[in-house]
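Enquirer: This is the structure, below, for whatever I ask next.
The numbers here are math on the coordinates, done by the rules we state, and not lab data. What you see is a predicted model, and the numbers here were worked out from it, not measured in a lab. Reconstructed Cβ throughout: ideal geometry from the backbone, glycine too, with neighbour counts over all protein chains shown.
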Amino acid sequence: SSIGYTDNPIPEPDWKPGAPVPFLALANTLERLEQTTKRLEHIHMMCDFFRTVITRTPSDLTSCVYLCSNMIFEPYKGIELGVGDGIISQALQDSTGKKLDEIKRLVHEYGDLGLVAERCRNTQRTLFPPPPLTCDHVFKKFREIAQMSGNKSTDQKKKLINSLYSSCKQCETRFITRMLQGALRANLGIKTVLSALANACVCTPPDGKIVAPFSLEDAQTRMERAWSETSSFERMIAALTKGGFEALDTDCIITPGIPIIAMLAKPTKSVTDALQKVSGQTATECTCEYKYDGQRAQFHFPGGNKPPSIYSRNSEDLTGRFPDALQYVMNGRKFPEKSFILDSEIVAVDPSTKEILPFQILTQRPRKDVKIESIKVPVCVFAFDMLFFDGRSLLNCTLRERRQILRDNFAETQNTFRYAIGEDLSDEDEIAALLDRSVKDKCEGLMVKSLDSVYESGRSSSWAKLKKDYMDTTGDTVDLVPIGGYIGKGKRTGVYGGFLMACYDQEDGEYQTVCKVGTGFSEADLEKFSKALTDLSIGEDELKRMNPRFKFAFSEDPRVKPDVWFEPKLVWELKGADYSVSPLHKSARQFTHTGEGISLRFPRFMRDRSDEKGPRDASSSEFIRDLYESQANKQGAMKARKKMS
Ligand code: ATP
C-alpha cells in the first residue's frame, strides 16, 4: 500500500511477544531483500520487519536497526569491527574443519565469503544444537569485537566469531559473515533504513500513541533530520519510544561534540549556471566566497570545561591532527565560555610567505597525535558558517544571520584565523572578476551561496561550486571507483592498461559505469594500482549470481567489457571533456528516459582519493546527472545567445 506496509507476514521464524528477536528473522528478511533490486520493495520489507519488532519486542529495535545498517557504533566514533577476510577465514577453518586453501578456492569460485561460509556450515552436523542466535546477542558480540585491542585481540576476535558461527543456522552464516566484512549495505543504504524506520513508526508508533495521520514524506524528513544531527539510532529510538516524532524533534537535535552531516554544494560550470541554480527561482541574494582547497572542518565546543573537537566532512575526528587549528579557533572567541559549532576549511600556508598551499601539502601531515612543536607546515582556518552558538541551534537561521553571529563572536587573526573572503554579488561580471581573483590567490574557485537559505545537511541547491579549472570542460571533477581492468599491452604489459570506472548510486546501492580511463597515470601509478587491484579481483561468476556482494550496472558490449572485475574499494578523481548519453555506460540510468547511461568523454586520471573517500562516498549518479544537466543548460544558454546576436 502507499503507506509502505505490505501486510505480508515477516518470514519465519515467528517469536513470542517479549522474547528476543531471533537473528534468523532478520537474516531471512535480508535474504528476501536480495531477491529484488527495487528500492521501494526494500523499504516495504524492512518496514514490515521493524513493525513486527516494535509490536513484539520493542526493546530490540535499536540492535535490529544497527545490524541491518551494518553499523556497530555511531559512525563518528570511528570504532570499526577491525576484522579482515583473513580472520574470518581462520574462524571458519576452526569452526568447520575446512582447510584455509579450500576456503580460498571456494571464495574464488563463489566470489563471496558469505556464501562460502554458509556452504561450509551447512555440511556440519552438531550433536547438541546450541540455542538460536538473537539479534541482541549478535549485536552485543559485534560491539565486543569492535572494542577489542592489544596484541591478543586477533585471537580473541577469532574466538568470538567462532562462537557465533557455531550457533548459526541456514542463511545466518552468510549474513554474519557479510556483516563482519562490512559489506551488507550494498542493498540497504542508510536512506532506505531511515525511510523504512519512519514508515514503521508512523504505522506502529513505538510510544504506543497513534498520532494524527501525517504524511510519510514528513515522517521521513524528520527522521533524516534527526539522523543528520545525531547520527545515533540509540538516541533516535529512545526519543521515538518516549514521545514519538514530537520527541524526535526535541531530543534529537544538534549537540556540540557530535558532528552534523555537512552541507554540500551542487556543481556548476558557469557563472550564469551557478546564479541560476542558487537564486534562480527565488531570486534571493547571493554571497560568493573563495573556495579554498583544504580540509573541511567542523569545530565543536560544548562550553565550560568540556573539551573541544574537530570533525571532517565524513564525521572523522580530526582533533588529534590539527591541534594548531583548534588553538586558533579557540583564541578567536570573544566570549570564551560560550558553546559553538563553526564550519570552516583548514588550509596549509607557506611558513615564510603565508601564501596558500595546495591540499596535497596538508595530506602529508600525520593522521593523529600531532604535536604543535613538531608541525612543519602551518595552517590557517577560514571560517564560513556558524551552526550553533551559546546553547542555540542556528540551523534554521538564514546564512545572512549565521554569518553575522560568526562575525559578532569571533575575531580574525592575521594568517591563522580568518573569515572566508567573499562578497555579496549579483552581477555576473563582478562574480567573474572575483572568480579570477580567487584563482590568483591560489583558491580553486568560488562557492556561491544563497544568503536566505537555512543550513541543510547533504547536497543542496542553495550552494553552488564554481571551479575555474573546469569551467571550460566539465565544470567539476568526479570521484569514481575502478570496477574493471583491461590487460595492458605493449609498454603496459604486466600492468592494467585501462580501467572501467563507476559512480555509486546511493539509492540502489549500485555501482554504475561512467567511462573507461587509461590516461593521466604515471608508470608508478599503474604499477601500484595494478598490484592493489589484482588483490581485489573477483570472479565473473559472482556478478552473475542472484546475490552478489555488490551490484554493478554495466554494458555487455565488448568495447567496454573489462577483462577482470574488481571489488569496489579505490576512489580516483577524474577530469574529462564533457558528458554524453551513451548506450555503453549506465551511470544515472534511472534518470534518462531510455535507460541509457551518462558517460564522461575523454577522461583523465587526476589523483588517488582512496585515503579520504570510501567507494560509497564516490560521486553519486545524481551528481553525474547534475553535471550533465548543468552542461546542457550552458549549451542551451550559448545557443540562445548565438541566436540573439
Ligand atoms: P563535496 O564536498 O561537494 O562532495 P568534494 O569533496 O569533491 O565535493 P569539492 O568539490 O572540491 O570537494 O568542494 C567542496 C568543498 O569545498 C567543501 O566540502 C569544503 O570542504 C570546501 N570549501 C572551500 N571553501 C569553502 C567555502 N567558502 N564554503 C564552503 N565550502 C568550502
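Enquirer: Would you mind working out the magnitude of the charge dipole of the chain relative to its Cα centre, with +1 at each Lys and Arg C-beta and -1 at each Asp and Glu C-beta, to the nearest 20 Debye?
Expert: 1140 debye
Enquirer: Continuing with the same structure: Rounded to whole Å and sorted largest first, list the principal axis extents of the Cα atoms in the stretch 362-435.
Expert: Cα extents, longest axis first: 44, 38, 21 Å.
Enquirer: Another question, if that's okay. Which whole-number value in Å³ per residue fits the convex hull of the alpha carbons of the stretch 87-229?
Expert: So the per-residue Cα hull volume is 153 Å³.
Enquirer: State, to one decimal in nm, how far the label point of Asp85 lies from the label point of Glu316, with both points 7 Å from Cα in the Cβ direction.
Expert: 2.3 nm
Enquirer: Can you work out the base-10 log of I(q)/I(0) for the stretch 490-555 at q = 0.15 1/Å, using the Debye formula on its C-alpha atoms alone?
Expert: -0.60
Enquirer: Related question: How big is the antiparallel share of DSSP beta bridges in the chain, given as a percent to the nearest 5? List each step's numbers first, then the result.
Expert: Details: 69 of 82 bridges.
Percent antiparallel among DSSP bridges in the chain is about 85.
Enquirer: Residue separation times 0.36 nm, minus the C-alpha to C-alpha distance between Phe214 and Thr154: what's the value?
Expert: Between Phe214 and Thr154, full extension yields an extra 16.7 nm.
Enquirer: Take the Cβ-Cβ distance between Thr592 and Leu40 as r, set R0 to 22 Å, and report the resulting FRET efficiency rounded to the nearest 0.05.
Expert: With R0 = 22 Å, the Cβ-Cβ based efficiency is 0.65.
Enquirer: Moving on to the next point. Could you state the angle between the C-alpha long axis of helix 216-230 and the longest principal axis of the C-alpha atoms of the chain, as a value from 0 to 90 degrees rounded to the nearest 10?
Expert: Compared with the principal axis, the helix lies near 80 degrees.
Enquirer: What number results when the radius of gyration of the stretch 289-435, computed over Cα atoms, is divided by 2.2 N^0.38 Å?
Expert: 1.05
Enquirer: Provide, in order from the shortest bin, the percent of all Cα-Cα pairs of the stretch 29-166 in each 10 Å bin, continuing until the bin that contains the maximum pair distance.
Expert: In order of increasing distance, the bins hold 10, 32, 38, 18, 1 percent.
Enquirer: Starting from the Cα of Ala532, step 7 Å along the direction of its Cβ; do the same at Lys561; then give the gap between the two resulting points in nm.
Expert: 2.9 nm
Enquirer: For the Cα atoms of the chain, what angle does the longest principal axis make with the long axis of helix 621-644, in degrees from 0 to 90, nearest 10?
Expert: 30 degrees
Enquirer: Moving on. By counting other Cβ atoms within 10 Å of each Cβ, how are Thr250, Thr221 ranked from fewest to most?
Expert: Starting with the residue having the fewest Cβ neighbours, the order is Thr250, Thr221.
Enquirer: Mind checking the full-extension length gain between Ser374 and Phe128? Use 0.36 nm per residue of separation minus the Cα-Cα distance, one decimal, nm.
Expert: Extra length available between Ser374 and Phe128 comes to 82.5 nm.
Enquirer: Tilt of helix 323-332 relative to the longest C-alpha principal axis of the chain, in degrees (0 to 90, nearest 10)?
Expert: Roughly 50 degrees between the two axes.
Enquirer: Ala91: net charge of surrounding residues, Cβ under 9 Å, Lys/Arg +1, Asp/Glu -1, itself excluded?
Expert: Taking every other residue near Ala91 into account, the sum is +2.
Enquirer: Which of Cys286, Cys120 comes first, and how do the rest follow, when ranked by fewest Cβ neighbours within 10 Å?
Expert: Least crowded to most crowded, the residues run Cys120, Cys286.
Enquirer: Give me the compactness ratio for the stretch 240-367, meaning the Cα radius of gyration over 2.2 N^0.38 Å.
Expert: 1.31
Enquirer: Here's something else I'd like to know. Can you give me the C-alpha center-to-center distance between the stretch 272-333 and the stretch 33-102, rounded to a whole angstrom?
Expert: The two parts, judged by their Cα centres, are 34 Å apart.
Enquirer: P(r) of the stretch 144-289 in 5 Å steps, Cα pairs, percent per bin?
Expert: Going from the shortest bin to the longest, the percentages are 2, 8, 12, 12, 10, 13, 15, 12, 8, 4, 3, 3, 0.
Enquirer: Give, rounded to the nearest 20 debye, the magnitude of the charge dipole that the stretch 2-93 has about its Cα centre when Lys and Arg contribute +1 at Cβ and Asp and Glu contribute -1 at Cβ.
Expert: That gives the stretch 2-93 a dipole magnitude of about 200 debye.
Enquirer: For the stretch 142-217, what does the convex hull of the Cα positions come to per residue, in cubic angstrom?
Expert: That works out to 145 Å³ per residue.
Enquirer: Send over the per residue convex hull volume for the chain, Cα only, as a whole number of Å³.
Expert: Convex hull of Cα atoms, per residue: 184 Å³.
Enquirer: Could you work out the pair-distance distribution P(r) of the stretch 192-235 from its alpha-carbon pairs, with 5 angstrom bin width and percents rounded to whole numbers?
Expert: Spelled out per bin, shortest first, that is 5, 24, 32, 26, 12, 2.
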